[in-house]
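Chemist: Got a structure for you, written out below as structure tokens; questions coming shortly.
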Amino acid sequence: MTRLSRLGQTLFRQRALLAFLLILALYGAYVYWRHLQRYVSTDDAYVGAHVIAITPLVSGRVARVYVHNNRPVRAHSRLFEIGHHAYDIAVRLAQATVAERQAVLTNAEMINRRTHRMAAHQFLSPQASDNSLTQVRADAAALAIAQASLAQAKLNLAHCLVRAPTAGYLSNMKLQPGAYVEAGNPVFALIASKAYWVTANFKETALAPIQIGDRAHVHVDMYPGHLFRGTVVGVSGGSGTAFSLLPPENATGNWVKVTQRVPVRILILNPGKRWPLRIGTSASATVFFQKRK
């Protein structure tokens with residue numbers, strides 16, 4: 001074989017190798033492009049959960065506090081107790097009023113029966129019978145009002161003990177015995193641990209394929225090596241800026257088009273005690289598109 005022919009074979013092999021590598025690169029690019037059509041990702045995401053404002057329903061001074069800040073609590077466990085001496089007195093007074101109204105009604109019913117018999121024998125006028133029946137009805141109504149007042153007094157007494165509405169973690173809890181709390185004013189927060197989600201802010205240009213029920217993967221910055229599985233449970237009806245106090249006004253001569261982001265809620269399916277989540281912490285989310293019919 002001549003030197004020229006060997007050189008030609010070498011060039012052929014090199015060109016074949018280059019062509020093979022080019023085809024392989026193009027195929028890899030195609031596979032990667034097809035893969036990108038199956039999902040969309042964002043690192044503009046934050047962990048969320050239901051935050052319940054613990055609010056007393058009655059006013060008074062705190063007698064006992066059973067919990068500590070940033071500690072977990074179980075559903076219906078005791079949180080704190082308001083001094084109930086005044087509410088005990090209110091219940092006893094209401095009970096006495098009910099007993100009094102009951103006695104008055106019993107007497108009115110007895111008088112009404114007598115008046116009715118006497119009116120039947122024409123010893124009294126029909127008007128007298130009607131008047132006694134009206135008195136019975138008025139006393140019955142007064143008894144019903146007293147019974148309702150007693151029920152409210154008992155309810156107020158029960159509200160002196162404040163319990164956790166659900167399991168979770170306490171936050172911003174600074175309550176101490178002796179502090180005065182007012183009905184309707186929140187005193188601290190309870191972060192419910194029943195459900196966690198991620199609010200992922202996707203660009204509007206990537207939003208169209210996302211639908212409720214799509215599978216998702218979530219990585220929380222606190223646990224970079226752990227994968228949380230999720231599912232899309234909601235897509236906002238507007239961009240994040242649309243609900244701000246001062247939404248942008250674009251009717252100006254200096255308008256610049258800016259790609260907006262739309263919040264998508266992804267429910268986390270596998271929260272666990274080994275990986276406790278904290279609301280407001282950063283995360284990244286990937287949504288995988290389902291096959292559309």
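Chemist: Starting at the first residue of the range 209-223, write each ³J(HN,Hα) from the Karplus equation 6.51 cos²θ - 1.76 cosθ + 1.60 with θ = phi - 60°, in whole Hz, x for Gly and Pro.
Modeler: x, 6, 9, 4, x, 5, 6, 9, 10, 10, 10, 8, 4, 5, 10
Chemist: Another question, if that's okay. Tell me the relative contact order for the range 84-159 as a rounded percent, counting alpha carbon contacts under 8 Å between residues six or more apart. The partial results should precede the final answer.
Modeler: On the way: 53 pairs, mean separation 38.6, N = 76.
Reported as a whole number, the value is 51 percent.
Quick note: the coordinates plus some simple rules give every number you see, no bench work behind them. In this text the structure is predicted, and so the values were computed from the model without any measurement.
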